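Structure first, then comments.
The values are calculated or read from the model by the stated rules, or taken from the named source; none is laboratory data. Please read all numbers here as calculations on a predicted model, not as lab measurements. No Cβ is skipped: glycine too gets one built from the backbone with ideal geometry, and neighbour counts run over all protein chains shown. The accessibility values were calculated without ligands, DNA or RNA, using every heavy atom of the protein model including side chains. Shrake-Rupley method; radii C 1.70, N 1.55, O 1.52, S 1.80 Å.
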Amino acid sequence: MIEAINDRANYQIAKNLLDVAHARQKALASNVANFENPGYKRIDVAKSFQAELQKAVKSKDIESLINLRPVLEEDPNAVTMRADGNNVSIEKEMMALNKNTMDYDFAAQLVSGSIRRLNTAIKGQVS
């Protein structure tokens, strides 16, 4: 029974969105923690992840969605504006943290909604 919900594309997409928000949170925390570290380069979720996710969603390939994992990499678009080579902008990181929190909350609502529907189906009543 539980496999039925795990195999649904919407559930897998929402789960992947949670995974990417979690990975991005790690990256953003690392960027903020290393803001004053000379030579530190900003990291984020690999840009290829979004393309892979879109491809798997369009093809409705559940297996690809299940196996898709976000990877962190150095941000090639971050520009070094400081003499010490560090390319982290604390203002941009704080804004990204806020956006990531909203993204995570949205994905968590999707996943918990799927689980609530499964719970309702099992119990036969709305809790």
Worksheet entry | Simple Cβ-charge dipole of the chain, Lys/Arg +1 and Asp/Glu -1, about Cα centre, in debye nearest 20 | 440 debye
Worksheet entry | Options (i) 1.12; (ii) 1.06; (iii) 1.30 - which one matches Cα Rg over 2.2 N^0.38 Å as calculated here | (iii)
Worksheet item: Going by alpha carbons, how many degrees (0 to 90, nearest 10) lie between the helix axis of 47-59 and the longest principal axis of the chain?
Response: 20 degrees
Fill in: Accessible area (Å², per residue) of segment 52-99, counting only protein heavy atoms and a probe of 1.4 Å
72 Å²
Worksheet entry | FRET efficiency estimate (nearest 0.05) - Cβ-Cβ, ARG69 to GLN125, R0 41 angstrom | 0.65
Discussion item. What do you get for the angle between helix 9-33 and the principal long axis of the chain? Use alpha-carbon atoms, 0 to 90 degrees, nearest ten.
Written reply: 20 degrees
Discussion item. Just to confirm the filter: which trypsin sites (Lys or Arg not before Pro) across segment 46-76 are DSSP coil and have at most 11 other Cβ within 10 angstrom of their Cβ?
Written reply: LYS60
Worksheet entry | Backbone HN-Hα couplings from phi across segment 37-44 [Karplus 6.51/-1.76/1.60, Hz, Gly and Pro as x] | 7, x, x, 5, 10, 4, 10, 7
Worksheet entry | Lysine pairs with alpha-carbon atoms under 18 Å apart, segment 12-88, spacing 8 or more or separate chains | 8
